[in-house]
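Quick notes on the structure that follows.
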Amino acid sequence: MKIIDLEPGDPRLISDLFPVLHQLRPHLTEDLLRDVYAEGHAQGLRFTAAYTDDGRCVGASGWRVVVNTSTLRSLYVDDLVTSADARSGGVGHTLLAHLEEHAREAGAHVFVLDSGTHRTDAHRFYLRERMAIAAFHFTKDLKPKG
């Protein structure tokens, strides 16, 4: 398996990574992904793709290094998905190991991700990967002013 960090403007973001990421984030369009990465890159957003030996993208991750008062410096995983036809084949494990190495290189103290409460298969995977459930994540939808 080959793991590649993709920069903004890399055509593989759309041709390779987007179809896999879309399985996790069906609300995304190609244009929206381009827009999010264009703005998010300045905030530390990065994308990483996992490829099989025959060159097929089977995993995608969006992540960033975050500095705040609760974790000091952490690597936060926005997205982590393995293509439905490649699950249980080590892709997620390999992506997590790659991202953990990025975290160590960045001097992070913690490796963090959120997972939707309905994603029970993903939760079993994260627990097998020795991750702990350490917090509740609260959200509130905001209506635009006007």
From the residues in region 64-118 that are under 16 Å from the mean Cα position of the chain (by Cα) and of a type in the set (S, T, N, Q), which one is nearest to His137 (Cα to Cα)?
Ser115
(1) part of a loop (DSSP other than H, G, I, E, B); (2) of a type outside the set (Val, Ile, Thr); (3) open to solvent by 40 Å² or more (accessible area, probe 1.4 Å); (4) at negative phi: which one isn't true of Gly146, the others all being true?
(4)
If Asp141 passes every condition in (1) surrounded by fewer than 15 Cβ atoms within 10 Å (Cβ to Cβ); (2) outside any helix (DSSP H, G or I); (3) of a type in the set (Asp, Glu); (4) in contact with a strand residue (DSSP E or B) (Cβ under 9 Å, 6 or more places away or on another chain) but one, which one does it miss?
(4)
Could you go through region 35-54 and let me know if any residue there is touching a residue at least 60 places away in the same chain (Cβ under 8 Å) and under 16 Å from the mean Cα position of the chain (by Cα).
no
So which residues in region 98-133 are more than 20 Å from Arg25 (Cβ to Cβ), open to solvent by 100 Å² or more (accessible area, probe 1.4 Å) and part of a loop (DSSP other than H, G, I, E, B)?
His109, Arg130, Ile133
Residues of region 60-77 satisfying the condition of being small (Gly, Ala, Ser) and in contact (Cβ under 8 Å) with a residue 40 or more places away in the chain
Ala60, Gly62
Provide a single number: the residues in region 33-49 that are open to solvent by 70 Å² or more (accessible area, probe 1.4 Å) and either of a type in the set (A, V, I, L, M) or farther than 28 Å from Ala106 by Cα (or both).
2
Hey, Val67 hits all of (1) farther than 23 Å from Glu39 by Cβ; (2) among the aliphatic types (A, V, I, L, M); (3) open to solvent by 50 Å² or more (accessible area, probe 1.4 Å) but one; which does it fall short on?
(1)
Under the condition of being open to solvent by less than 60 Å² (accessible area, probe 1.4 Å) and either in contact with a Ser or Thr (Cβ under 9 Å, 6 or more places away or on another chain) or among the basic types (Lys, Arg) (or both), which residue from region 70-88 is nearest to Ala103 (Cα to Cα)?
Val77
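The values are calculated or read from the model by the stated rules, or taken from the named source; none is laboratory data. On a predicted model such as this, the values are computed, not experimentally measured, just so you know. Heads up, the Cβs are rebuilt from the backbone with ideal geometry, glycines too, and the neighbour counts pull from every protein chain shown. Areas reflect the complete protein model, heavy atoms only, side chains present, ligands, DNA and RNA absent. Shrake-Rupley method; radii C 1.70, N 1.55, O 1.52, S 1.80 Å.
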